[in-house]
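Undergrad: Quick one: the structure is below, and I'll ask about it shortly.
The values are calculated or read from the model by the stated rules, or taken from the named source; none is laboratory data. Note that the structure is a prediction, hence the values are computed from the model and not measured. Note that each Cβ is placed from the backbone with ideal geometry, even for glycine, and that neighbours are counted across all protein chains shown. To get the accessible areas, we keep the full protein, side chains included, count just its heavy atoms, and leave off ligands, DNA and RNA. Shrake-Rupley method; radii C 1.70, N 1.55, O 1.52, S 1.80 Å.
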Amino acid sequence: MPFDLSDESRYDRTRLRQWALGRARSAGVDRRDLLKLFAVGAAAGSLGAAAGGGTASAAPGLPPADPVPRTVKPLPPELFTLRGTNAETNFAALRGTGPLTPVDRFFVRNHTSTPRIDAAGWRLKVWGDGLAGGPLELSYERLRALRPVERTLFIECAGNGRSFYTTQQGQPVTGTAWTLGAIGVARWRGARLSDVLRLAGVTPGAVDVLPRGLDDEVVANGVNLGRVRRPLPVGKALDDVLLAYEMNGRPLPPDHGGPVRLVVPDWVGISSIKWVGDIEVSGEPLYSPWNTDLYRLFGPEHPAQGSAPLTRQTLKSAFELELGATVPVHRTRLLTGRSWSAAAPVTRIDVSTDGGVRWRRARLHDTPRRGGWVRWSLPWTPRATGATSLLARATDATGRTQPDRSVHNTQGYLFDAVVRHPVTVV
Ligand SMILES: Nc1nc2c(c(=O)[nH]1)N[C@H]1C(S)=C(S)[C@@H](COP(=O)(O)O)O[C@H]1N2
Ligand SMILES: [Mo]
């Protein structure tokens, strides 16, 4: 292998250099189109909103209709908050549920809409110049016949918590205005991507692996970005990535990528391509909009040409309570919540019920484990009426603690600061 791209910081540096030199090949989108798109995107405000509604056409002369989620499962308002083509899990609806997010309340992030794909007719095609031979085609049955693995892992959108850049830090960002519910934890069962790549004859010269979804092409501001796809460095692809066909013990449901999706542990949600139809294995670096202009960090606090493509998620905490909840004074209630980190198990959660003056340690309800979250609780008896903020601050086994402020980026990714959760005591 020319570079060891399994080392994330090494990967970042290598890729940055390749961008600077303009060496990475554009996978299907003209570079000038992308530049045009992002010029338009900046003027129009949010690419996230535009990309979401891009395929919904309106009558000539009329503004496009507001996009809505087009899912198979119902999205009742008790469980979800709808945001464009997406549905955010209401954290309050997780109260009393176990360590896995039930499928009926797992968030949905769709660039367009959920396709219906029949498992019996589905094929996975693995192809490209990073293979020793010709393409490999696998049926659902053949994939299921490979050695299965099961893992409990979260999938979290890179933009989870984005709205707090604006509401808490006063900073503008583009994209879906998630609060903290663009995350879910599930038990995934599937084949190892590494087994499939070896079966396909991956060579030592392979550099990037590009899975592509079978959902509709994404059109944003009149530019067709093609199907959703984002290259993975071959080191990650051969390490711990799953081709999942079950979620929480049942066949993978349509809204979460059924019949088969990638699950890329710890990495930003966009890596975990749903409804995967083909995988290109390339001997040279690959581009897609999702690793060039999207899912990188831009802004004054980042390198002039932007950061390297995002890899790992960050560290967060959320209360299982509505934002702006009303709670009765002098009555003891059990505050509950969840914390998670992509770097290491979360080992400690400190909670403040007075806007951050005093802190108490919460009780953990799960054994801290990498890739999952821990549930925690703390009793609280409000003593005075009025507005206050609840804060939860997680620390993981690497010693990393949620900061008071997140470093801003224009697209609002990787929010990691302690959220000030407003409540009113009456
Ligand atoms: N094919 C395809 N894969 C996709 C997406 C998509 O729109 N199409 N969205 C991505 C994003 S941005 C996220 S955060 C996760 C969301 O997974 P979920 O909808 O199962 O929660 O899927 C990723 N995989
Ligand atoms: Mo995402």
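Undergrad: Please go through region 70-107 and give me each residue that is open to solvent by 20 Å² or more (accessible area, probe 1.4 Å), more than 30 Å from Arg369 (Cα to Cα) and among the hydroxyl-bearing types (Ser, Thr, Tyr), ordered by number.
TA: Thr71
Undergrad: Take the residues in region 200-223 that are out of contact with any Phe, Trp or Tyr (no Cβ under 7 Å at 6 or more places or on another chain), farther than 16 Å from Glu280 by Cβ and modelled with pLDDT of 95 or more; name whichever of them is least open to solvent (accessible area, probe 1.4 Å).
TA: Filtering first and then ranking leaves Val218.
Undergrad: Anything in region 213-225 that is more than 16 Å from ligand 2 (Cβ to nearest atom), assigned to a strand (DSSP E or B) and in contact with a strand residue (DSSP E or B) (Cβ under 8 Å, 6 or more places away or on another chain)? List them, or say none.
TA: Residues satisfying the conditions are Val219, Asn224.
Undergrad: Right, here's the next one. When only residues in region 262-275 that are open to solvent by less than 10 Å² (accessible area, probe 1.4 Å) and more than 11 Å from the chain's Cα centre (by Cα) count, which is farthest from ligand 1 (Cβ to nearest atom)?
TA: Looking at the filtered set, the residue picked out is Leu262.
Undergrad: Residue check: is Ser288 within 12 Å of ligand 1 (Cβ to nearest atom) and either charged (D, E, K, R) or more than 13 Å from the chain's Cα centre (by Cα) (or both)?
TA: On the way: within 12 Å of ligand 1 (Cβ to nearest atom): yes; either charged (D, E, K, R) or more than 13 Å from the chain's Cα centre (by Cα) (or both): yes.
Considered against the rule, which asks whether it is within 12 Å of ligand 1 (Cβ to nearest atom) and either charged (D, E, K, R) or more than 13 Å from the chain's Cα centre (by Cα) (or both), Ser288 comes out as yes.
Undergrad: Going by what's in this entry, would Thr326 be described as farther than 20 Å from Gly372 by Cα, modelled with pLDDT of 95 or more and of a type in the set (Val, Ile, Thr)?
TA: yes
Undergrad: Residue check: is Arg358 open to solvent by 50 Å² or more (accessible area, probe 1.4 Å) and in a strand (DSSP E or B)?
TA: It is false that Arg358 is open to solvent by 50 Å² or more (accessible area, probe 1.4 Å) and in a strand (DSSP E or B).
Undergrad: For Pro69, indicate whether it is away from ligand 2 (no atom under 16 Å from the Cβ), assigned to a loop (DSSP other than H, G, I, E, B) and not aliphatic (A, V, I, L, M).
TA: no
Undergrad: Further, regarding this structure: Whether any residue in region 301-323 is outside the structural domain of Ser113 (by TED's automatic domain parsing), touching a His at 6+ places or on another chain (Cβ under 8 Å) and farther than 30 Å from Ser377 by Cα is what I want to check.
TA: So far as region 301-323 goes, yes, one or more of its residues are outside the structural domain of Ser113 (by TED's automatic domain parsing), touching a His at 6+ places or on another chain (Cβ under 8 Å) and farther than 30 Å from Ser377 by Cα.
Undergrad: Here's a follow-up. Which one of Leu242, Leu232, Leu238, Leu252 is under 30 Å from Ala132 (Cα atoms), of a type outside the set (S, T, N, Q) and out of contact with any Ser or Thr (no Cβ under 7 Å at 6 or more places or on another chain)? Can you show your working first?
TA: On the way: Leu232 fails: out of contact with any Ser or Thr (no Cβ under 7 Å at 6 or more places or on another chain); Leu238 fails: out of contact with any Ser or Thr (no Cβ under 7 Å at 6 or more places or on another chain); Leu252 fails: under 30 Å from Ala132 (Cα atoms).
After applying the criteria, what remains is Leu242.
Undergrad: OK, next. Kindly establish whether Arg312 is under 21 Å from the mean Cα position of the chain (by Cα) and either surrounded by fewer than 22 Cβ atoms within 10 Å (Cβ to Cβ) or among the hydrophobic types (A, V, I, L, M, F, W, C) (or both).
TA: yes
Undergrad: Now, a different point. Every residue in region 414-426 that is assigned to a loop (DSSP other than H, G, I, E, B) and open to solvent by 10 Å² or more (accessible area, probe 1.4 Å), please.
TA: To start, the set of residues in region 414-426 that are assigned to a loop (DSSP other than H, G, I, E, B) comprises 414-420, 426.
Once the filter is applied, which keeps residues that are assigned to a loop (DSSP other than H, G, I, E, B) and open to solvent by 10 Å² or more (accessible area, probe 1.4 Å), region 414-426 yields Leu414, Asp416, Val419, Arg420, Val426.
Undergrad: Something else about it: Residues in region 170-185: is at least one in a strand (DSSP E or B), open to solvent by 10 Å² or more (accessible area, probe 1.4 Å) and farther than 19 Å from Thr292 by Cβ?
TA: There is no residue in region 170-185 that is in a strand (DSSP E or B), open to solvent by 10 Å² or more (accessible area, probe 1.4 Å) and farther than 19 Å from Thr292 by Cβ.
Undergrad: Moving on to the next point. Out of Val108, Val103, which single residue is more than 21 Å from Val209 (Cβ to Cβ), within 16 Å of ligand 2 (Cβ to nearest atom) and of a type in the set (A, V, I, L, M)?
TA: Val108
Undergrad: Which residue is nearest to Trp127 (Cα to Cα), if the candidates are limited to region 267-312 and must be among the polar types (S, T, N, Q) and touching a residue at least 60 places away in the same chain (Cβ under 8 Å)?
TA: So the residue we want is Ser282.
Undergrad: Quick test for you: out of His302, His365, pick the one residue that is open to solvent by 70 Å² or more (accessible area, probe 1.4 Å) and within 26 Å of Asp396 (Cα to Cα).
TA: Step by step, each of His302, His365 is checked, and only His365 is open to solvent by 70 Å² or more (accessible area, probe 1.4 Å) and within 26 Å of Asp396 (Cα to Cα).
Undergrad: Turning to a different aspect of this structure: Would you point out which residue out of Glu246, Glu320, Glu301 is more than 16 Å from ligand 2 (Cβ to nearest atom), farther than 30 Å from Pro74 by Cα and of a type in the set (D, E, K, R)?
TA: Glu301
Undergrad: Would you check if Trp127 is away from ligand 2 (no atom under 16 Å from the Cβ) and in contact with a Phe, Trp or Tyr (Cβ under 7 Å, 6 or more places away or on another chain)?
TA: Spelling it out, it is not the case that Trp127 is away from ligand 2 (no atom under 16 Å from the Cβ) and in contact with a Phe, Trp or Tyr (Cβ under 7 Å, 6 or more places away or on another chain).
Undergrad: Now a separate question. So which residues in region 141-163 are open to solvent by less than 30 Å² (accessible area, probe 1.4 Å) and either away from ligand 2 (no atom under 16 Å from the Cβ) or touching a strand residue (DSSP E or B) at 6+ places or on another chain (Cβ under 7 Å) (or both)?
TA: Leu143, Val149, Thr152, Leu153, Phe154, Ile155, Glu156, Asn160, Gly161
Undergrad: What's the number of the only condition in (1) within 15 Å of ligand 2 (Cβ to nearest atom); (2) modelled with pLDDT under 95 that Val264 fails to meet?
TA: Answer for Val264: the failing condition is (2).
Undergrad: When only residues in region 378-392 that are small (Gly, Ala, Ser) and without any contact (Cβ under 8 Å) to a residue 60 or more places away in the chain count, which is most open to solvent (accessible area, probe 1.4 Å)? Can you show your working first?
TA: Going through region 378-392, the residues small (Gly, Ala, Ser) turn out to be 384, 386-387, 389, 392.
Now narrow it down to the ones that are without any contact (Cβ under 8 Å) to a residue 60 or more places away in the chain: 384, 386-387, 389.
Numbers: Ala384: 66, Gly386: 28, Ala387: 95, Ser389: 25 Å².
Within region 378-392, the match that is most open to solvent (accessible area, probe 1.4 Å) is Ala387.
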